[in-house]
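A short worksheet on the structure shown next.
None of the figures in this text is laboratory data; all of them are computed from the coordinates on show. The shown structure was predicted, so the numbers you read here are calculated from the model rather than taken from an experiment. With ideal geometry, Cβ positions are generated from the backbone for all residues, glycine too; neighbour counts draw on all protein chains shown.
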Amino acid sequence: MEEIALEILPVALLETYTQQVDKTVQTAFEELEDNPLSAGTFSFYTSVSAVFSSKIEGENIELDSFIKHKKLNVKFLPDYTQKIDDLYEAYQFAQQNPLTAGNIQPAHKLLTKHILQVAHRGKIRTMNMFVMTPDGKIEYVACTPDKVQTEIEKLYRDIDKLLSAKLTFEEALYFASLIHLVFVKIHPFEDGNGRTARLLEKWFLAQKLGEKAWYMQSEKYYYDHHQTYYANIRLMGLEYDELDYGKAGEFLGMLVGAII
């Protein structure tokens, strides 16, 4: 990779990672095609992304039902589909706009339309944030409010630099996964951070590798392996200021698993 002065995304694992990604992964990516069900304004793989990213967050929605809702206009109760509709709209927005700091804000506004109050959509949080386990234990303490703006700006500047740089296929995967991970660890918004991080990962890849990135079923893969997904995120540590990204290898490998 060309010399790039990154501010927050670690490169320590880059060489090992790129050596371990088999060439068959790029072949599998290049063979990705849209699903025949996609037609007009309906996108099958956008539906897959929105449904499974939402299911990771505990939404009770099935892909078959959502496809009937979007493609055939089958009527369900609004509570069953509206959050997934919002995320679907955010993916559409990303597909039609470049990945910039200025565009991440409206994307977050779209996907939190039925999650957060208007005043908090697209706004950097000003409160402490903890990630809790189902039994009420703290499993992660996010970046403190006084540092959130600084840290997320570092990430956005790194993304800009990488978008302007020439990256190999393997390097693009590496940094897409890291953008996902670092965004989650900063946890810049009051809610919708996981959904936004998974969208950013794919948005970055689409900018670097083309529209086939939108056909990847990475969100489904993360959902199908959601216990491993969360365990790998936890490996870095409990406190933001003490995170060890040297332990990120297992998480970085998951995106590869989603392609092959």
**Item:** Within straight-line cross-link reach of LYS166, aspartates and glutamates at Cα separation under 13 Å, skipping those fewer than 8 residues along the same chain
**Value:** GLU2, GLU3
**Item:** Given charges at beta-carbon only (K, R positive; D, E negative), |dipole| of the chain in Debye
**Value:** 760 debye
**Complete:** Residues other than SER218 with Cβ under 11 Å of its Cβ, Lys/Arg counted +1 and Asp/Glu -1, net out at 0
**Anisotropy class of segment 170-260 from Cα gyration tensor, a/c 1.5 cut** = prolate
**Request:** Under 1.5 on a/c is rounded, so check that first for segment 1-81, then, if it is not, pick prolate when a/b is larger than b/c and oblate when it is not; a ≥ b ≥ c are the square roots of the alpha carbon gyration tensor eigenvalues.
**Result:** prolate
**Asked** Of LYS113/LYS212; LYS220/LYS247; LYS70/LYS220; LYS23/LYS208, which ones are farther than 20 Å apart at the Cα?
**Response** LYS113/LYS212; LYS220/LYS247
**Asked** If the viscosity is 1.306 mPa s and the temperature 10 °C, what translational diffusion coefficient in µm²/s does Stokes-Einstein give for the chain when Rh comes from Kirkwood over Cα pairs?
**Response** 85 µm²/s
